[in-house]
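The values are calculated or read from the model by the stated rules, or taken from the named source; none is laboratory data. Computed from a predicted structure; not experimentally measured. Here Cβ is always computed from backbone atoms with ideal geometry, including for glycine, and neighbour counts include all displayed protein chains. Note: areas computed on protein heavy atoms with side chains; ligands, DNA, RNA excluded. Shrake-Rupley method; radii C 1.70, N 1.55, O 1.52, S 1.80 Å.
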Amino acid sequence: MSLSPAKAVVLALVLGCAGGLPAFASEALPRPAGLEPDIGFWRLVFTDVSTAQVVVHDNRYLDIVYEKFDIPAGASDSTRRRMMDAAAAKYEGILKRLATGQRSGLDREEARVLALWAGRASNDSLRAAAGRVRTQQGLADRFQQGLVRSGRWKDHIQLNLREAGVPESLAALPHVESSFNPEARSFVGAAGLWQFTAGTGRNYMRIDNVVDERRDPFRSSEAAARLLRSNYQSLQSWPLAITAYNHGAGGMRRAVREMGTSDIESIVRNYDGPSFGFASRNFYVSFLAADEVDRNPQKFFGDIQPEPAERGTTIVLADHVRADTLERSLGVSRETLRSWNPALLAPVWSGSRAVPRGFSLRVPEGVADAQAVARLAAADPEAERERARKAALSPATHKVRSGETLSGIAQRYGTSPSRLAGLNNLSKKNLIRVGQVLKLPGDARAGTGAGRQADGPATYVVKRGDSLGSIARRTGVTQRQLMAINSLDNPHRIYPGQRLRLRTSPGGG
């Protein structure tokens with residue numbers, strides 16, 4: 001670039017010295033004795049039940065586990081779902097029979113289930129339990145993989161938590177969110193190590209059609225530390241601040257107000273807010289279980305060898321730079337640059353967009369030497385900007401992936417299904433196929449769907465005759481998204497008058 005090397009780029013090591021530690025960061029995280037059964041359940045799921053296994057349990061009293069069974073190798077998602085539904089139905093039937101008062105002539109399974117409820121086996125409690133049967137797929141193998149992956153970023157995460165005044169134990173939170181998989185993406189569009197939604201992520205990171213910093217473990221970890229600190233400052237309680245990462249700080253303030261207490265055990269056990277479902281109710285206890293396993297991995301998995309810390313150099317770009325210019329100047333392949341900079345999206349690597357001004361480019365140690373910096377500084381910024389401007393005029397496209405719908409794609413890019421259909425000459429049924437390349441409007445922006453969605457209704461009240469599928473078609477939110485957002489275990493268990501959320505709360509992941 002025409003600027004001097006010192007002004008054109010700024011070099012900084014990724015890891016630095018920790019700053020002063022605010023007092024509230026050292027606050028011990030409460031572990032109420034009354035929540036130990038719940039913590040034990042998640043410890044079981046994280047360490048003793050693989051993703052090829054399922055446990056059937058009560059969704060309120062997690063110490064009631066009816067069965068653990070295996071899913072056949074190679075089983076499809078639909079087969080797995082059918083097996084889980086059948087197992088849940090089996091125990092619902094048993095509990096309903098017991099709730100009639102039958103206590104003699106029981107078969108072995110009925111007697112076993114009744115014994116699980118010893119001391120609290122009234123007909124009313126058993127009838128209620130029949131409506132709370134839930135299935136949970138195991139996570140032990142994913143957790144073990146996460147323990148290995150976590151070594152790449154844990155130093156950086158702990159540093160940022162300390163600097164933000166957040167307890168370092170929260171470095172275990174990505175085990176719950178993503179199993180430390182930076183490529184993880186949820187049904188509702190949460191992405192990355194910390195599973196930020198686009199709406200919340202934009203408060204702390206850059207998210208647009210060129211850069212999505214949720215995908216970068218370093219940038220998203222810095223953002224997560226700031227969000228957790230903000231939650232604590234709002235709620236003055238770490239259990240509430242952690243739960244707010246899932247349920248939103250506003251939602252937790254409402255829980256405290258309605259319950260008249262900030263005690264996490266009372267809220268977990270008794271709060272029945274409209275969107276405080278299974279995921280929110282179990283977020284804190286699942287984190288405590290993950291932290292326990294993270295501190296003692298050998299106890300649960302034997303010898304674990306975390307991957308070495310990912311250390312490199314950061315170059316803050318003073319102007320737009322194209323990927324081919326970076327390759328030539330730094331002497332690094334595009335594949336290497338892409339692996340070190342997951343926040344840069346496909347248009348950058350295809351050449352249709354430039355790396356933007358101010359972006360912190362990560363490269364392996366030793367790459368950004370004086371000669372490389374000089375070559376990068378010699379690039380003509382005016383020429384780079386002109387090339388970026390011309391590339392930006394190229395039509396944007398989206399390649400359809402398995403499971404995508406036109407409404408979901410439209411939501412992702414902040415446009416409407418009808419506009420996409422018209423632009424691509426689709427039939428009245430708006431049928432699309434896997435592999436099809438769709439043209440996008442010139443003002444489309446990846447990831448803006450969550451922001452646009454906020455302009456529409458936030459909830460839907462179930463009417464008589466509705467099914468989850470018909471609601472999905474009516475609202476443009478997929479059935480799987482509706483189930484995830486509302487913590488629904490069975491798509492057939494909705495009822496007239498039920499209020500379903502159509503988007504996630506403004507929390508974290």
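Details
- Matching entry among Ser230, Ser234, Ser220 (being open to solvent by less than 40 Å² (accessible area, probe 1.4 Å), in a helix (DSSP H, G or I), polar (S, T, N, Q) and modelled with pLDDT of 95 or more): Ser220
- Residues that are open to solvent by 10 Å² or more (accessible area, probe 1.4 Å) and touching a Phe, Trp or Tyr at 6+ places or on another chain (Cβ under 8 Å), drawn from segment 190-203: none
- Within segment 454-477, restricting attention to residues that are of a type outside the set (D, E, K, R) and open to solvent by 40 Å² or more (accessible area, probe 1.4 Å), the residue that is modelled with the highest pLDDT is Val461.
- Among residues of segment 304-358, those that are within 25 Å of Gln145 (Cβ to Cβ) and in a loop (DSSP other than H, G, I, E, B), counted: 11
- Residue check, Glu177 charged (D, E, K, R), under 22 Å from Ser286 (Cβ atoms) and either touching a residue at least 40 places away in the same chain (Cβ under 8 Å) or in contact with a helix residue (DSSP H, G or I) (Cβ under 9 Å, 6 or more places away or on another chain) (or both): yes
- Once segment 1-55 is narrowed to residues that are of a type in the set (Asp, Glu) and assigned to a loop (DSSP other than H, G, I, E, B), the residue that is modelled with the highest pLDDT is Asp48.
- Test: residue in segment 70-85 that is touching a Gly at 6+ places or on another chain (Cβ under 8 Å), closer than 22 Å to Phe278 by Cβ and open to solvent by 10 Å² or more (accessible area, probe 1.4 Å): no
- Of all residues in segment 262-312, those satisfying the criterion of being acidic (Asp, Glu) and either open to solvent by 50 Å² or more (accessible area, probe 1.4 Å) or at pLDDT below 95 (or both) are Asp263, Glu265, Asp272, Asp303, Glu307, Glu310.
- Hey, Val166 among the β-branched types (Val, Ile, Thr) and in contact with an Asp or Glu (Cβ under 6 Å, 6 or more places away or on another chain) or not: no
- When segment 141-163 is limited to residues that are open to solvent by less than 10 Å² (accessible area, probe 1.4 Å) and of a type in the set (Gly, Ala, Ser), the one that is nearest to Ala223 (Cα to Cα) turns out to be Ser150.
- Odd one out for Lys428, checked against (1) of a type outside the set (Asp, Glu); (2) modelled with pLDDT of 80 or more; (3) out of contact with any strand residue (DSSP E or B) (no Cβ under 7 Å at 6 or more places or on another chain); (4) not in a helix (DSSP H, G or I): (2)
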